[in-house]
Amino acid sequence: MWGKGILNGMRITMRNMLRGPITVRYPYERVTLPERARWAVEVVRDESGAHKCTACMTCVRACPDHILDLQFTTAEDKSKHIDYLRYEMGACMMCGLCVEACPFDALKMGQDYELAKLTRDELTVDLLVDVAAAAPARAKKASEVPAGGTDDSRGGGTDG
Amino acid sequence: MTEPHFTVTESGLMTPEGMYIPGEPPKGIRRIPKGVDRLGTEHLIVNMGPQHPSTHGVLHLIVELDGEEVVTVEVSIGFLHRGIEKLAESRRFDHLGTLMDRGDYVSVIHGEQAVALAVEKLMEIEVPAKAAWIRTLTAELTRLASHLVWFGTFGLDTGAMGQFLYAMRDREVLLDILEEISGQRMMFNYVRPGGVVADLPTGIESRILSFCDTFEVYLEEHDALLGGNEIFQARVKGIGVVSKETALAFGLTGANLRASGLGFDVRRDRPYDAYPELEFDIPIGTIGDSWDRYTVRMEEMRQSLRMIRQLVGGMPGGPFTAKVPKVLRPPAGEVYASVESSRGETGIHLFTDGGTTPYRMHYRAASLFTCQLFEEILPGHLFADACMLLGSFDIMLGEVDR
Ligand code: SF4
Ligand code: SF4
């Protein structure tokens, strides 16, 4: 019978009306992200604020979009000093490949999903801006790393 | 209207300078209305898209109309071209997935799976059973999520609004599950050569099963709400018939091919991952009209649910990835691997030269073949049906333009 389907559709719509809301009233309510959620790249820091990066460049080479930019200077005693680890959030696809590649677990994917910025410049952040705070951890790490340990087996070849 | 640059004559083109180009006018110059109809009014050229909600992306159709009737159609693609095939030549094999994610961005796992299968075939990597099952599970979840987008927007194209919201409600739950498994809601980057990135999180099985239970009810509601609606039926039944011969000639695959009555499904006919161990039916249509395409896809969703239940129930133990070297270096050679994505056969043709990146990667996108069909199928239909027809074929411009 013509019209039966339409009436049935209205019945379904009515039933759905009684099922209660399914949306989250952001920003009054927030969703809890699952543990594995991947947002912007962050640096792992311990309680003292020290990071674990040894400037091995693995992440820089692993990033398919060449977003990470790491500059370091080698002092006379062969110790590396990181000038900056620049990260361009606006161009990052949050794939997590840099985090997977880091042999020292110095990076992680953040869980902050409110990443809007007012200006374009704010999208480029320096992940390792406080170099001084990292010095002790770096010394410790450097002594742990076996010779050739930072040898980048994943690197190279990204440019074909 | 500006003066046309060319004058179209019966046997060729006349340029403004009076030069005569004999022969059938080339396609790109069809934009001048060709015919004059019986009432003596000129045909009208309508540019549909690329920014048009019912072209499902950035498809540009140059449609010549005689009143309400479509006379010719020219499909113009490439507005979403990002050079994925070229970029692939500078990506390592385990990073190709990030590119494929952006090909068919609604049916993401299938692209990643195709690349992974191709690399595994080349390197002869044995994938552990668990990895294959997890992949198949995520692939079927993605198929449901993708078909729900099709279902919602197909309704919109025919003028129905309600079921779109309900489809998005169910897709939301699916995306939450996939986010919990892979870490992201759209660009999962989860399948790699050799297996998957991480094991299934604890407790996900019960979530998937409870989704299956609720969705089973909702799916029947969806079908009743849209498919049971007589107005919808009147709009889709008998419209856009694709015969078996046309479907084959244009290289259609997936639900569009099966709606025409040909039962080819990569999952069954060239089985990969866990599909050989699963029980599922392949729905087949009869005449290949829009209604058949609708029923075939709805039935596919039911079959996906059935498969998901089997996959969760029979998930084997063991490692979630094979032991693969950090830098993949397949031997020089050539390989083709394909999967059944939500839109048809998604294939990857890889040429390698023994290096760490592909020498050349070809991406067989099912939607590209469907797109070519429009020039054949749309003429003769009403303009309003053209939007509905685009919806019924479920094309994805991300994979057409790649
Ligand atoms: S998440 Fe991906 S795109 Fe972003 S910096 Fe890391 S590797 Fe590059
Ligand atoms: S891979 Fe890790 S340790 Fe190496 S440079 Fe990147 S963040 Fe630092």
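The values are calculated or read from the model by the stated rules, or taken from the named source; none is laboratory data. For clarity, every value in this text was computed on a predicted model and none was experimentally measured. When we count neighbours, we look across all protein chains shown, and the Cβ atoms used for this are built from the backbone with ideal geometry, even at glycine. Only protein heavy atoms, including side chains, enter the accessible area calculation; ligands, DNA and RNA are left aside. Shrake-Rupley method; radii C 1.70, N 1.55, O 1.52, S 1.80 Å.
Odds and ends about this structure:
A quick yes/no check of all residues on (1) buried (at least 17 other Cβ atoms within 10 Å of the Cβ); (2) touching an Asp or Glu at 6+ places or on another chain (Cβ under 7 Å); (3) within 14 Å of chain B (Cβ to nearest Cβ):
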| residue | (1), (2), (3) |
| --- | --- |
| A:21 | no, no, yes |
| A:43 | yes, no, no |
| A:47 | no, no, no |
| A:54 | yes, no, no |
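- Residue count for segment A:24-41, restricted to those that are part of a loop (DSSP other than H, G, I, E, B) and either within 9 Å of another protein chain (Cβ to nearest Cβ) or open to solvent by less than 80 Å² (accessible area, probe 1.4 Å) (or both): 12
- Pairs where the first residue, in segment B:313-331, is within 19 Å of residue B:97 (Cβ to Cβ) and within 14 Å of chain A (Cβ to nearest Cβ) and the second is surrounded by 12 or more Cβ atoms within 10 Å (Cβ to Cβ) and acidic (Asp, Glu), C-beta under 6 Å, 6+ apart: B:320/B:199; B:328/B:94
- In segment A:58-68 there is no residue matching the filter, namely being within 11 Å of chain B (Cβ to nearest Cβ) and more than 16 Å from ligand 2 (Cβ to nearest atom).
- Whenever a residue of segment A:75-96 is at positive phi and in a loop (DSSP other than H, G, I, E, B), its partners that are open to solvent by less than 60 Å² (accessible area, probe 1.4 Å) and within 15 Å of ligand 1 (Cβ to nearest atom), lying with C-beta atoms within less than 7 angstrom and at least six residues away or across chains, give the pairs A:94/A:38; A:94/A:40; A:94/A:109; A:94/B:184; A:96/A:38; A:96/A:109; A:96/B:183; A:96/B:189.
- Scanning segment B:377-392 for residues that are closer than 16 Å to residue B:58 by Cβ and among the hydrophobic types (A, V, I, L, M, F, W, C) yields B:387, B:390.
- Qualifying positions in segment B:50-94 - more than 14 Å from chain A (Cβ to nearest Cβ), among the hydrophobic types (A, V, I, L, M, F, W, C) and touching a Ser or Thr at 6+ places or on another chain (Cβ under 9 Å): B:59, B:61, B:62, B:63
- Residues in segment B:378-398 that are buried (at least 24 other Cβ atoms within 10 Å of the Cβ) and more than 22 Å from residue B:145 (Cα to Cα): B:386 only.
- Restricting segment B:236-246 to residues that are surrounded by fewer than 19 Cβ atoms within 10 Å (Cβ to Cβ) and part of a helix (DSSP H, G or I) leaves a set whose member that is farthest from the other protein chains (Cβ to nearest Cβ) is B:245.
- Among the residues of segment B:79-101, those that are open to solvent by 40 Å² or more (accessible area, probe 1.4 Å), touching a helix residue (DSSP H, G or I) at 6+ places or on another chain (Cβ under 8 Å) and outside any helix (DSSP H, G or I) comprise B:79, B:80, B:81, B:82.
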